[in-house]
Every structure is written in structure tokens, then in C-alpha cells.
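Shown next, in C-alpha cells, is the structure this report addresses.
The values are calculated or read from the model by the stated rules, or taken from the named source; none is laboratory data. Quantities reported herein were computed from a predicted structural model and do not represent experimental measurements. Backbone-built Cβ (ideal geometry, glycine too); neighbour counts: all protein chains shown. To get the accessible areas, we keep the full protein, side chains included, count just its heavy atoms, and leave off ligands, DNA and RNA. Shrake-Rupley method; radii C 1.70, N 1.55, O 1.52, S 1.80 Å.
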Amino acid sequence: MHTKETLRQEIRQILHNRLFIVVSNREPYIHHHTENGIVCTRPASGMALALDPVVQASRGLWVAHGSGDADREVCDAKGRVRVPPEKPSFTLKRVWLNEEQETNYYYGFSNSALWPLCHIAYRRPTFQQVQWESYQEVNQIFADAIAAEVGNRKAFIFVQDYHLALLPRMLKQRVPQAVVAQFWHIPWPNPEVFRICPWRHELLDGLLGNDLLSFHTRFHCLNFTETVANEVEARPDQEATAIIYQGSITKIRSIPISVDFSAIEKQASRPETLERMEELRRRYGLPEKNLGLGVDRLDYTKGITERIEAIGSFLDHHPEYRGRFAFFQVAPPSRTRVEEYRRLAEEVDQVVERVNDRHRQGSWQPILYAKEHLEQPDLYALYRMARFCVVSSLHDGMNLVAKEFIAANVDENGVLLLSRFTGSMRQLSDALIVNPYAVDELGEKIHQALEMDAGEVRWRMRRLREGVQVNNIYKWASTIVHKIGHLS
Ligand code: GDG
């Protein structure tokens with residue numbers, strides 16, 4: 001079994017004393033001003049949560065955008081601070097962006113062009129020259145910051161995600177001795193979809209600066225190699241596991257990400273979790289039995305409106321559940337400066353109101369909606385309380401909520417409903433697999449989850465738990481570290 005300790009040993013052996021650098025837009029720790037002084041929080045980001053234990057084990061360096069309003073105050077002159085605050089084990093180096101760069105690079109090109117382009121969720125991407133220029137500029141800022149840290153040293157640089165597609169090529173030019181790998185956390189679309197991007201050649205050129213480029217699934221790898229073959233002068237090898245471009249090789253691999261199973265299991269099993277469950281019941285008026293749960297950043301790819309409609313359909317067809325059931329949706333606001341996300345927030349409000357109005361009985365209503373960021377221990381308590389958890393993404397690279405729910409369900413009494421359009425579906429076949437576009441069918445699956453006999457619930461959850469326990473975050477990291485090690 002892969003653990004934090006085995007990973008630490010592997011990192012020591014494989015990476016020797018080379019510098020290990022993780023790069024991402026989102027920082028793993030954010031410092032904010034509050035009434036009680038400066039407080040450090042962790043963002044609701046699957047990527048940041050997944051990588052944190054890896055960098056802790058490597059004792060390396062993490063370079064990211066400093067986005068908190070107190071970030072500068074806790075850093076030294078080079079933008080560095082030791083984290084996690086309770087037990088510092090690595091250095092976070094913050095890169096500073098101005099308001100305009102944040103608007104154009106982050107909210108603009110990253111989240112209004114690339115995000116909808118890569119997710120088939122029927123939201124049209126917008127392409128603006130000014131946003132593209134800012135994207136190039138910010139990738140260059142990251143390259144400068146990293147080059148200053150690396151100098152002439154040998155280093156492994158592990159870049160995250162779609163915000164930094166141009167960075168690998170820039171790094172190869174600035175620090176050619178470094179091995180560069182990237183993980184693309186979201187889907188890669190088919191060539192037909194990708195070809196509408198005006199800067200597709202530049203993006204592909206940037207990504208082919210990597211020595212290793214990984215996706216969650218083989219399907220995304222194949223989409224990528226096909227896109228490359230259609231768009232640039234490059235030669236994929238026969239198995240589509242590597243691309244030869246301008247004399248250098250980029251290996252393409254599928255390495256599915258995961259969660260820290262044992263840490264979540266441990267946290268969920270603590271006696272304090274039982275107290276928290278009681279407290280959450282009181283705070284949100286949650287029922288003792290028949291609780292359904294959804295946990296997502298408020299994002300149109302997550303299929304939140306479809307899921308709420310499905311609850312409505314379920315109650316239309318099974319009115320005997322009125323008053324005996326509740327669905328709790330946690331959805332912290334996300335990317336609120338993008339118009340599409342503000343519109344989604346209104347849509348979700350409306351659908352929640354509509355379904356509640358249709359089925360309300362006295363003081364009871366079916367949907368309880370928390371538009372807020374909950375503390376992590378609250379989430380683990382909720383995962384333990386829920387009879388079922390719905391992950392109904394329209395398209396999702398992996399989806400970590402599904403795996404967190406499994407890791408926290410220590411009583412083996414929960415059912416996972418999982419969209420067939422998530423990367424995690426390929427590993428979690430003992431879940432109830434659903435199509436979020438088929439709202440009535442999803443409503444019937446909810447009924448099936450509530451009616452499922454305890455034996456079936458247990459064997460399904462037990463098999464899911466065995467799978468996630470083995471295929472945990474340390475296995476993901478170990479695979480990546482081994483692959484990077486072979487490249488040097
Ligand atoms: C991208 C890809 C891929 C949510 N609400 C709260 C909260 N969360 C946490 C969850 C989970 C994370 O946010 C969301 O992870 P996902 O994997 O579901 O989704 P994305 O953020 O879209 O992540 C995705 C991932 O990268 C990793 O590669 O799986 O496909 O889109 O960890 O627990 N956390 C807290 N409070 C909340 O209210 N504390």
C-alpha cells in the first residue's frame with residue numbers, strides 16, 4: 001500500500017537532492033485578514049488538496065499565485081512563506097499578479113475560454129485577444145519566478161493544469177537542464193472541439209515543451225494525441241504514448257488522481273465527528289434518516305441544476321417520501337466575476353425554490369441549500385451522515401468528491417450516484433452510474449439508492465473503499481515521481 005511514508009522514501013531515492021518544484025495557479029494556503037487577525041485557510045480546490053500531501057512529503061517548493069488579502073504580509077521579500085502553518089514542511093513562493101492580469105488571465109482566458117472549451121457542458125467559450133495576451137504575460141511571470149529559484153541547479157518541475165499551458169515551453173528555454181512534467185486536471189476535448197480555439201497551435205507548442213504530460217484517463221490522452229496530429233507537425237508513436245515534436249519527445253500518460261484515503265478515514269472515524277454530525281443536524285435541520293448530499297464548487301460543469309430537478313422528479317413519482325427525506329446541497333461560490341457563474345447562481349436559486357415550492361409540506365421542504373464554504377471536518381461528517389451522495393457532473397476530469405465520500409463512509413452505509421461523464425467513473429464501477437442529462441432516470445436512481453437493501457449498500461461501498469484505499473493519492477504521486485525519475 002502506498003502511504004505518505006513510502007512516498008517520502010521514494011522521493012528521497014528517486015529525486016536525490018534535486019529541487020522538486022510544484023507550480024499551480026491556485027495556492028494551497030491563503031492568508032486573509034479577519035476580525036481575529038490574519039487567518040490561514042485552504043481553498044475548495046481538488047487539485048490543491050490532492051497535491052498538498054505530495055509536496056509535504058517532498059519538502060520541496062510550491063510556486064503559486066498569492067491571492068489572499070494578507071498574503072504579502074506573511075511573506076519575506078522574495079514572496080516566500082513556510083507552510084502548513086501548524087507544522088511547516090515546505091516553502092510556498094507566491095507570485096504577484098495585478099488586478100488586470102487576474103481579470104484577463106484567470107477569469108478571462110483560463111476560465112472563460114479554456115475551461116468551457118475543454119468541458120463539454122454546452123457553454124460557449126469566448127476568445128479575446130487582450131485575455132490571450134495576459135495569459136502569455138502571466139505564464140512568463142511564472143517562468144521568471146521559477147527560473148530565479150532554479151538557477152543552474154538540476155530540478156524537477158511539476159506544473160498543474162490549464163492556467164499554465166505555455167509555461168513548459170518557456171521553462172525549457174530558461175532552464176533547459178530541468179525535467180518538466182505537467183498534469184492536466186480537466187478533460188481534453190476531441191479535435192473537432194479544440195479546433196475552434198484561435199491560439200490552438202501556441203497552446204499545443206507550449207504543452208509539447210513538457211517531458212511528460214498526464215491526464216486522468218486514457219480517453220483524454222487519446223483526444224490530446226489526435227488533436228496534436230491534426231494541428232501541428234508532430235508524430236505520435238503507434239500506441240499514442242509519446243509525441244515527437246521538433247526533435248524532442250513528450251510522453252503522454254494517464255495517471256488517475258485520488259485522495260488521501262487514510263487521512264480522511266481517520267478524520268471521519270474520530271469521536272468528534274459524531275459530535276459534529278449532531279451539531280450539523282441542528283445547524284441545518286438535517287433529518288436522521290434518508291439524507292441525500294451534494295458537494296460542489298458552484299460550477300456549471302457539476303450538473304447541480306439537473307440534480308435538483310431530479311429530486312423534484314423523484315418526489316413527483318414517489319410522494320410517500322415527502323416529509324421523510326431531505327437533500328442537502330453544499331455549493332461554495334466560485335469564479336463569481338465571470339458572468340456565466342453569476343447566471344448559474346441565479347439558476348440554482350430558482351430551481352431550488354421551484355422544487356421546494358412544488359413539494360413543501362408545512363415546515364418541511366426537500367432541498368436544503370448551503371451557499372457557503374464549509375470546514376473540511378464538516379464535509380467529512382456530512383459524508384458519514386448521508387444515505388446517498390450525488391455526483392452528477394456534465395463533464396469532469398476526475399471528481400474528488402466521489403472519492404472523499406467513499407473514504408469517509410466508514411460505516412459502509414452510503415450509496416454513491418456517479419455521473420458517467422466523470423473520470424472517476426472508470427475506477428468506481430460499483431457506484432450507481434447515472435446520466436445527469438436524463439433527469440427522470442436520475443430521479444429513479446435516487447429512489448433506488450433509498451430503497452437499496454443494507455447488504456447491497458454494504459458490499460458496494462466495501463468494494464469502492466477497497467479500490468480507493470489502494471488507488472490513493474500516494475499511488476498517483478508515486479507513479480508520477482517514478483515517471484519523472486526515468487526522464488532525467
Ligand atoms: C479539478 C477538476 C479533478 C467543495 N466544497 C467545499 C470543499 N470542496 C472541495 C471538495 C473537493 C474539491 O473541493 C473539489 O474537487 P473536484 O475534484 O470535485 O473538482 P474541481 O475543483 O473542479 O477540480 C476535477 C480535480 O481538479 C483534481 O484533479 O478531480 O475533475 O475539475 O476536494 O471536498 N471543501 C471545503 N468546503 C467546501 O465547502 N473545505
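Please indicate, with yes or no, whether at least one residue in segment 440-450 is in the same structural domain as ASN210 (by TED's automatic domain parsing), surrounded by 22 or more Cβ atoms within 10 Å (Cβ to Cβ), out of contact with any Ser or Thr (no Cβ under 7 Å at 6 or more places or on another chain) and not basic (Lys, Arg).
Scanning segment 440-450, I find no residue that is in the same structural domain as ASN210 (by TED's automatic domain parsing), surrounded by 22 or more Cβ atoms within 10 Å (Cβ to Cβ), out of contact with any Ser or Thr (no Cβ under 7 Å at 6 or more places or on another chain) and not basic (Lys, Arg), so the answer is no.
Residues that are among the aromatic types (Phe, Trp, Tyr) and closer than 30 Å to VAL55 by Cα, at least 1 per element: which helices (runs of 4 or more DSSP H) completely within segment 439-487 meet that? Give the derivation first.
Numbers: elements: 439-451, 454-470, 473-487.
Because the criterion is at least 1 residues that are among the aromatic types (Phe, Trp, Tyr) and closer than 30 Å to VAL55 by Cα, the helices (runs of 4 or more DSSP H) in segment 439-487 that meet it are 473-487.
Within segment 1-108, considering only helices (runs of 4 or more DSSP H) that don't extend past its boundaries, which have at least 3 residues that are open to solvent by less than 10 Å² (accessible area, probe 1.4 Å) and within 16 Å of the ligand (Cβ to nearest atom)?
Helices (runs of 4 or more DSSP H) meeting the threshold: 46-58.
Is it the case, given these coordinates, that VAL439 is away from the ligand (no atom under 15 Å from the Cβ), more than 21 Å from LEU274 (Cα to Cα) and touching an Asp or Glu at 6+ places or on another chain (Cβ under 7 Å)?
So VAL439 fits the description; yes.
Given the conditions (1) open to solvent by 50 Å² or more (accessible area, probe 1.4 Å); (2) in contact with a Gly (Cβ under 7 Å, 6 or more places away or on another chain); (3) within 15 Å of the ligand (Cβ to nearest atom), report the number of the one that HIS317 does not fulfil.
Among (1) open to solvent by 50 Å² or more (accessible area, probe 1.4 Å); (2) in contact with a Gly (Cβ under 7 Å, 6 or more places away or on another chain); (3) within 15 Å of the ligand (Cβ to nearest atom), the lone unmet condition for HIS317 is (3).
Of all residues in segment 334-348, which are charged (D, E, K, R) and touching a residue at least 12 places away in the same chain (Cβ under 8 Å)?
Result: ARG335, ARG337, GLU340, GLU347.
Can you name every residue in segment 186-219 that is basic (Lys, Arg) and more than 16 Å from the ligand (Cβ to nearest atom)?
Step one: filter segment 186-219 for residues basic (Lys, Arg), giving 195, 200, 218.
Within segment 186-219, ARG195, ARG200 meet the criteria.
Please verify whether segment 252-259 includes one or more residues that are more than 16 Å from the ligand (Cβ to nearest atom), part of a strand (DSSP E or B), within 30 Å of VAL54 (Cα to Cα) and in contact with a Pro (Cβ under 9 Å, 6 or more places away or on another chain).
Looking through segment 252-259, at least one residue is more than 16 Å from the ligand (Cβ to nearest atom), part of a strand (DSSP E or B), within 30 Å of VAL54 (Cα to Cα) and in contact with a Pro (Cβ under 9 Å, 6 or more places away or on another chain).
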